[in-house]
Amino acid sequence: GAGVSQSPSNKVTEKGKDVELRCDPISGHTALYWYRQRLGQGLEFLIYFQGNSAPDKSGLPSDRFSAERTGESVSTLTIQRTQQEDSAVYLCASSPLTGLAPGELFFGEGSRLTVL
Amino acid sequence: GQSLEQPSEVTAVEGAIVQINCTYQTSGFYGLSWYQQHDGGAPTFLSYNALDGLEETGRFSSFLSRSDSYGYLLLQELQMKDSASYFCAVYKNTGFQKLVFGTGTRLLVSP
């Protein structure tokens, strides 16, 4: 597709269950970000992938959160043993960032997670 | 760590000019970006400033003063469709360029 694709768009789960969110970045984009946005709040940085380098995981809120990316393609964000405070929209963004020049981030529509 | 401060809400009327300020404190500052987000939508890129001064793109302009750790977004000839949240975001050089967002400013444009 032409843009960043995220799935599922909506996910309702029970407290304690694991969830997996998927992000398909724009083809050729080397940088990929995950953010969390609670209702009416700003974007909270979670994790950043750049090419084949080790990811910057400094924003992951707890060890229940993990993310993987295969090369420069699909990324999955996994939340284990979900809690009600995990309820939020999870946004993925990709960028054609190369070298040291920051680029525009292209965001997906997000995955809205509701933990009951 | 880092912090970015923006006003939580700004109101204006159609046709007016509005300025949304952003002050930041961060190590490894590389540049400042602005994003727009309509309710229920994805953030979209507006501008990027790496050097001091004003960057103009149509009705929107963005300014950066690195010495003052300050920037602003200027919106001219406001239209109803400009009602949205506006986020400033700092690029931090941590080996790579990590983008950290502020809490956002909600702009309400009235007729």
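A few remarks follow.
- One residue from A:Arg112, A:Arg81 being touching a Lys or Arg at 6+ places or on another chain (Cβ under 8 Å) and not in a loop (DSSP other than H, G, I, E, B): A:Arg112
- Listed by first and then second residue, the pairs with beta-carbon distance under 9 Å, at least 6 apart or on different chains, first residue in segment A:49-72 and free of Cβ contacts under 8 Å to residues at least 12 places away in the same chain and exposed (fewer than 13 other Cβ atoms within 10 Å of the Cβ), second of a type in the set (Phe, Trp, Tyr) and assigned to a loop (DSSP other than H, G, I, E, B), are A:Ser53/B:Phe96.
- B:Ala89 meets each of the listed conditions (1) surrounded by 21 or more Cβ atoms within 10 Å (Cβ to Cβ); (2) on the phi > 0 side of the Ramachandran plot apart from (2).
- Residues being within 19 Å of A:Ser94 (Cα to Cα) and without any contact (Cβ under 8 Å) to a residue 60 or more places away in the chain - total across segment B:4-37: 3
- Among the residues making up segment A:60-75, those that are under 11 Å from the mean Cα position of the chain (by Cα) and not in a strand (DSSP E or B) are A:Leu60, A:Val74.
- Residue within segment A:10-30 that is on the phi < 0 side of the Ramachandran plot, within 11 Å of chain B (Cβ to nearest Cβ) and at pLDDT below 90 present: yes
- Unique match (being more than 14 Å from chain A (Cβ to nearest Cβ) and within 22 Å of A:Gln41 (Cβ to Cβ)) among B:Thr105, B:Thr44, B:Thr11, B:Thr26: B:Thr11
- Test: residue in segment B:47-57 that is at pLDDT below 95, under 23 Å from A:Gly40 (Cα atoms) and not charged (D, E, K, R): yes
- Any hit, segment A:54-72, residues being within 14 Å of another protein chain (Cβ to nearest Cβ) and hydrophobic (A, V, I, L, M, F, W, C): yes
- Residue under evaluation B:Arg59, criteria (1) buried (at least 18 other Cβ atoms within 10 Å of the Cβ); (2) more than 13 Å from chain A (Cβ to nearest Cβ); (3) over 13 Å from the mean Cα position of the chain (by Cα), criterion not met: (1)
- In the set (1) at the interface with another protein chain (Cβ under 10 Å from one of its Cβ atoms); (2) crowded, with 18+ Cβ neighbours inside 10 Å; (3) more than 19 Å from A:Glu104 (Cβ to Cβ); (4) among the aliphatic types (A, V, I, L, M), the condition left unmet by A:Leu43 is number (3).
The values are calculated or read from the model by the stated rules, or taken from the named source; none is laboratory data. Since this is a predicted model, take the numbers as computed values, not measurements. Backbone-built Cβ (ideal geometry, glycine too); neighbour counts: all protein chains shown.
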